[in-house]
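The values are calculated or read from the model by the stated rules, or taken from the named source; none is laboratory data. As the structure is a computational prediction, the values presented were derived from the model and not from experiment. Positions of Cβ are generated from backbone atoms using ideal geometry, with glycine treated the same way; all protein chains shown enter the neighbour counts.
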Amino acid sequence: MTTALLALAAAYGVHLVYSAVALGWDGVGPGPSLGPSRTAERFRTGWTELGLDAVRPADLAGAVAVLALVGATLGYAVFGGILPPLPCAVFAASFPVTATRARRRRQRDAAREAWPRLLEELRIQTMALGRSVPQALFEVGTSAPAELRPAFEAARREWLLSTDFERAVAVLKAKLADPTADAVAETLLVAHALGGTQVDRCLAALADDRVLDLQGRKDADARQAGARFARRFVLVVPLGMAALGLGVGEGRAAYGTPTGQLLVVLGLALLAGCWWWSGRLMRLPVEERVFP
């Protein structure tokens, strides 16, 4: 029985080697992959939605490693020992992803504010000026915010190379990764394929919906302004007290004791947990992409 299993494993290994060298197949399946796996597709989508589509994973890993080393060094300089530098390293290593998410959030906010105006310009271009749908879309893209122009330029380049509006729309949706962009792109795609006069009514309804959503989010942000300030203030106070503790009593020596090490790690963990929890409480609902 063992001999048969070993022979079967050897034969399958030969099959994998031959199919990879002669046929160019990859993976461990008996046949070629028909498309990207679901896990790889989710990773690629999440990578794009974070705004990291122009960043190589190796560069991101290098930045994370350097910042983790810096955070561990600062943690050791303040608290000493072995345990406190570990959460400090994790905290510092999260800066690249956090900064990227914040940049992506600002980009979405800029897009959310710009879409009502862009939709009105689309209506004027298609209805009043009689432009074709692709021409109107790329003409409007030239007046979009700076954060959105690269996506429109990439879509326009695809249109000029292939004259395939569906492929150009797919590029625009992939680059923007925005629910409103998905809805606008699908509406224009249907209008370009079928024609008709319903596109003006659809764009008008979508513009009104975007205006209401924008006003509601601005009201919510204004009401949360005080809570956001208090959240940042509460984060600064414990860290400032920990730094001031270096000059009080035994100072850094107290942090170096086993009890002090455990209390420091516990305090940092509680601080991070409360920061994450309060952020989730104040987070506004995020629209789901219907046509990703």
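Worth a mention:
- Residue within region 156-170 that is out of contact with any strand residue (DSSP E or B) (no Cβ under 8 Å at 6 or more places or on another chain), closer than 20 Å to Glu288 by Cα and part of a helix (DSSP H, G or I) present: yes
- In region 132-150 there is at least one residue that is in contact with a Gly (Cβ under 8 Å, 6 or more places away or on another chain), at pLDDT 80 or above and assigned to a helix (DSSP H, G or I).
- Matching residues in region 83-138 - criterion: being of a type in the set (Lys, Arg) and farther than 25 Å from Ala72 by Cα: Arg103, Arg104, Arg105, Arg106, Arg108, Arg112, Arg117, Arg123, Arg131
- Residues of region 119-170 satisfying the condition of being within 25 Å of Arg201 (Cβ to Cβ), over 28 Å from the mean Cα position of the chain (by Cα) and aliphatic (A, V, I, L, M): Ile124, Met127, Ala128, Leu129, Val133, Ala136
- Some residue of region 111-133 being touching a His at 6+ places or on another chain (Cβ under 7 Å), among the β-branched types (Val, Ile, Thr) and surrounded by 18 or more Cβ atoms within 10 Å (Cβ to Cβ): yes
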